[in-house]
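J.: Sending over a structure as structure tokens; questions will come in a sec.
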Amino acid sequence: MFRLRDWCEDDLEPFALMNADEEVMRYFPSVLTREQSDAMVRRIQSLFAENGFGFWVVECEGRFAGFTGLNRTAFATPMGPHVEIGWRLAPWVWGRGIATRAATEALRRGAEEFSLTDVYSFTTQTNIRSEAVMKRIGMSRREDLDFDHPNTPGWWGQRHIVYHISI
Ligand SMILES: CC(C)(COP(=O)(O)OP(=O)(O)OC[C@H]1O[C@@H](n2cnc3c(N)ncnc32)[C@H](O)[C@@H]1OP(=O)(O)O)[C@@H](O)C(=O)NCCC(=O)NCCS
């Protein structure tokens, strides 16, 4: 049905198409240009080299379908240094439980392969689909940790809600 795998050069084009889609990027400050999308892949690859884990490619029916995985958050939050779980999938796979199952597998890898114990997730207040994934994978709401994203001052989606799970 799906698998998590490393990135390859053939992923750059479908990833850029996804990042240019306004529906996919509705809860981000803007869509990404091809250059910004490619740069994100390079960043993800260098973080894999550093941490061993990262945002894995989700492959579905042999096609690139987005990413799901673990990342050391690079900006200041009330959680302090921590690992987040995140996802971004192409609309053709939405509504099939792929994000939920891919995230469950990412948490398993985090615990079993990288000895992680705590994982956080955050999103804008109105990203109901993303919040629903957090709930489905067993995360708990942490209202006390909600924060204004430091990199997006003035953006309507700046306020972020936080979820946590012990793994
Ligand atoms: C956030 C995002 C990954 C969620 O995708 P999604 O398809 O809603 O989530 P899932 O893949 O877990 O699918 C859940 C749906 O599949 C259904 N489903 C079917 N089989 C399922 C299964 N085995 N397990 C869980 N859910 C299943 C659920 O009932 C649910 O249906 P619904 O959409 O009618 O509520 C997707 O909307 C996305 O990529 N958005 C853009 C990027 C983004 O905002 N990322 C998050 C930034 S913080």
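The values are calculated or read from the model by the stated rules, or taken from the named source; none is laboratory data. Source: prediction; values computed, not measured. Every residue, glycine among them, receives a Cβ derived from its backbone with ideal geometry; neighbour counts consider all protein chains shown.
J.: Of the residues R129, R159, which single one is among the basic types (K, R), more than 30 Å from R63 (Cβ to Cβ) and at pLDDT 95 or above?
T.: Answer to the selection: R159.
J.: Return the pairs, sorted by first residue and then second, in which the second residue is within 7 Å of the ligand (Cβ to nearest atom) and in a loop (DSSP other than H, G, I, E, B), the first residue lies in the range 83-108 and is closer than 15 Å to S166 by Cβ, the beta carbons are less than 8 Å apart, and the residues are 6+ apart or on different chains.
T.: Going by the 8 Å Cβ cut-off, there are no qualifying pairs.
J.: Find the residue count for the range 52-65, including only residues that are free of Cβ contacts under 8 Å to residues at least 40 places away in the same chain and either under 11 Å from D6 (Cβ atoms) or part of a helix (DSSP H, G or I) (or both).
T.: Here the count works out to 2.
J.: Looking at A39, A76, A20, A65, which one is closer than 22 Å to S121 by Cα and surrounded by fewer than 18 Cβ atoms within 10 Å (Cβ to Cβ)?
T.: So the residue among A39, A76, A20, A65 that is closer than 22 Å to S121 by Cα and surrounded by fewer than 18 Cβ atoms within 10 Å (Cβ to Cβ) is A76.
J.: Tell me yes or no: at least one residue of the range 5-19 is assigned to a helix (DSSP H, G or I), modelled with pLDDT of 95 or more, closer than 25 Å to K135 by Cβ and within 13 Å of the ligand (Cβ to nearest atom).
T.: yes
J.: Working only within the range 24-48, note down all residues that are under 14 Å from the mean Cα position of the chain (by Cα) and in a loop (DSSP other than H, G, I, E, B).
T.: V24, M25, Y27, F28
J.: Suppose we keep only residues that are hydrophobic (A, V, I, L, M, F, W, C) and assigned to a loop (DSSP other than H, G, I, E, B) within the range 109-166. Which one would you say is farthest from the ligand (Cβ to nearest atom)?
T.: L116
J.: Here's something else I'd like to know. May I ask you to list the residues in the range 77-95 that are in contact with a strand residue (DSSP E or B) (Cβ under 9 Å, 6 or more places away or on another chain), more than 7 Å from the ligand (Cβ to nearest atom) and closer than 25 Å to S115 by Cα?
T.: Matches in the range 77-95: T77, P78, M79, P81, H82, V83, E84, I85.
J.: Now, a different point. Would a scan of the range 86-107 turn up a residue that is surrounded by fewer than 19 Cβ atoms within 10 Å (Cβ to Cβ), among the hydrophobic types (A, V, I, L, M, F, W, C) and more than 22 Å from V41 (Cα to Cα)?
T.: no
J.: Could you list, in sequence order, the residues of the range 27-71 that are within 16 Å of the ligand (Cβ to nearest atom) and charged (D, E, K, R)?
T.: Selection gives E59, E61, R63.
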